[in-house]
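Okay, so here's the structure we're looking at.
The values are calculated or read from the model by the stated rules, or taken from the named source; none is laboratory data. Fair warning: this is a prediction, and the values are worked out from it, not measured in the lab. Here the Cβ is made from the backbone with ideal geometry for all residues, glycine too, and neighbour counts use every protein chain on show. Surface areas here come from the heavy atoms of the whole protein model, side chains and all, with no ligands, DNA or RNA. Shrake-Rupley method; radii C 1.70, N 1.55, O 1.52, S 1.80 Å.
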Amino acid sequence: MEQQQNKVTFATKLGIIFATAGSAVGLGNIWHFPTTCGQNGGAAFVLLYVIITFLIGIPGMMGEFIIGRNGGKDPVSSYSKAGGKRLFGIIGAVGALGGALILGFYSVIAGWCVYYLGLALTNNALGGQEHICNTFTHLVAPDNYMLPCILSVAFILLTQMIIVRGVRKGIEWASKIMVPTLIMLLVLLIGASCSLPNAWDGIRFLLHPDFTKIDAHVIFKALGEAFFSLSLGMTCLCTYASYFKEDTNLLKSTVEITLIDVAVAMMAGLMIFPAAFSVNVEPDAGPSLVFMTMPNVFEQAFPHPVAYVVSVMFYLLLTIAALTSTISLHEIGTSVLSQETPLSRSKAAWVVSAFCSVIGMLSAYSLSHEGYGLFGDTFFDNIDKLTANIMLPLGALITMLIVGWIMPKEVVVKELTSNGRYPHRAWTVNTFYFLSRIACPILIACIFMNKLDII
């Protein structure tokens, strides 16, 4: 068992960057960003997204980093210390619960990615539009509900295999392999996509802004995309920060991680839009984009041998993106249980896996059976909306208020400068305080109210 009193840390700076970037980079970057971009003005949306990501992302991530490294333990203890009262530990506990709920329903989609990777490897992912549609329909059919349930649990157990190995031998080791592999696959897929006829139309759509398309709706979409792309509000960044060394430069690491996250989202756009535009296919939303539209694009755009290789790389990319995120989601609950209870790390991981498996199976079952949920939605959608619309925005908002208004300024500055190792100019600290006290809370509150259809 890894004891926090021995100050378990990431071994290298590269490990910090890859592990934390891996937690932010996930399936959302691959399928959600291109879809939202395509539906909200293309390059104009991209420009807003990049600006807002740095406006919210850097202080938001810094806030969790400050709380996590200052606390040096799990989110419950870290938030208690940051707020000065044990009551504030509830924020960490809710974050751990939110992470477990997200891991539960996220594992369903991750399981689908593994299934399609198997189909791609056996040359069964392609085969014409009817075959592609029937394949996905069969996967979520009521009489086939056990398969998605098994895939969901299997992916959670795969995640647990990495988690139980600990911070350095598990999380850091896996991240150092998977994040570079993910980027390499993206580069290869971009090369294949941009080599197609009319690919430039897709590139222009992504990079040449038309500012007349910017309105309030697009601004709110960019706000939401920027917020959720960095995993803010679920305390996974706080958890990872507790494993940072004292000499880790928080500001520099935050900028580097944000750049990687934005770059991966942009690369996903460069992978999808040129290929889609080359065959006049409009990217759809969510699962239909990944499991129905893109196989059709690959089949139309590339000759068969190339289409086979591209489909394998694409679903391997998705599987890796899913795993880098599920590791961080699992680690939140594991760290809380292993440090706040007598449970060893291994037993804590089993408890988290068991809980998430139940959520995953219920989510998978609900997608195959109409009416299995509340308020007219599936159980899958219930959990998605609970976490995305309420738990994460509230968690991020409270985090900003704690760092900006409750934590002693000398503690915040100490963490910002790594105890004086990296002195910052006064304007840097003042800018951080303006963003964390005023700008970020207002923007996050706007996201919260927009998600609840208040504005």
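Computed values, structure above
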{"item": "Dipole axis of the range 387-455 (+1 Lys, Arg; -1 Asp, Glu on Cβ), positive-most option in T417, C446, M391", "result": "T417"}
{"item": "Separation of the V281 and A263 label points, Cα + 7 Å toward Cβ, nm", "result": "2.9"}
{"item": "Gyration tensor over alpha-carbon atoms, the chain, equivalent ellipsoid semi-axes in Å", "result": "35, 26, 20"}
{"item": "Mean Cβ neighbour count within 10 Å, used as a protection proxy, ranking 11-20, 131-140, 425-434 highest first", "result": "11-20, 131-140, 425-434"}
{"item": "Violating pairs (Cα-Cα greater than 30 angstrom) within the set K73/K169; K169/K451; K73/K221; K169/K252; K176/K409; K221/K252", "result": "K169/K451; K73/K221; K176/K409"}
{"item": "Gained length - E370 relative to H131, 0.36 nm times residue gap less alpha-carbon distance", "result": "83.7 nm"}
{"item": "Modelled FRET efficiency - R0 60 Å, N123 with I51, Cβ distances, 0.05 increments", "result": "0.85"}
{"item": "Most positive-pole-ward Cα, L196, A44, T248, against dipole of the chain from beta carbon charges", "result": "T248"}
{"item": "Within the chain: Cβ-based charge dipole about Cα centre, in debye rounded to nearest 20 (Lys, Arg +1; Asp, Glu -1)", "result": "1800"}
{"item": "Using a Förster distance of 41 Å, the FRET efficiency for R204-K245 (Cβ separation, nearest 0.05)", "result": "0.40"}
{"item": "Leading residue at positive end of dipole, the range 45-204 (Cβ point charges), from I58, L185, L157", "result": "I58"}
{"item": "Over the range 236-355, relative contact order from alpha-carbon pairs under 8 Å, at least 6 apart, %", "result": "21"}
{"item": "Net charge dipole size for the range 1-132 [Lys, Arg +1 and Asp, Glu -1 on Cβ; Debye, nearest 20]", "result": "640"}
{"item": "At R0 = 45 Å, FRET efficiency that the Cβ-Cβ distance of S288 and R437 yields, to 0.05", "result": "0.60"}
{"item": "Solvent-accessible area per residue for the chain (1.4 angstrom probe, square angstrom)", "result": "39"}
{"item": "Alpha-carbon Rg/Rh ratio, for the range 214-253, with Rh computed the Kirkwood way", "result": "1.19"}
{"item": "With every protein chain in place, the chain: carbon and sulfur % of accessible area (1.4 Å)", "result": "67"}
{"item": "Segment S346-F211, extension gain: residue separation times 0.36 nm, minus the distance between their alpha carbons", "result": "43.3 nm"}
{"item": "Label-to-label distance, nm, for residues given as L386 and K85 (7 Å Cα→Cβ offset)", "result": "2.6"}
{"item": "Hits among aspartates and glutamates - C-alpha to C-alpha of K7 under 17 Å, sequence gap 8 or more where chains match", "result": "D74, E172, E246, D247, E331, E340, E415"}
{"item": "Prolate/oblate/rounded call for the range 205-323, Cα gyration tensor, a/c under 1.5 rounded", "result": "oblate"}
{"item": "Straight-distance crosslink candidates among aspartates and glutamates, where the alpha carbon sits under 12 Å from K85 and sequence neighbours closer than 8 are dropped", "result": "none"}
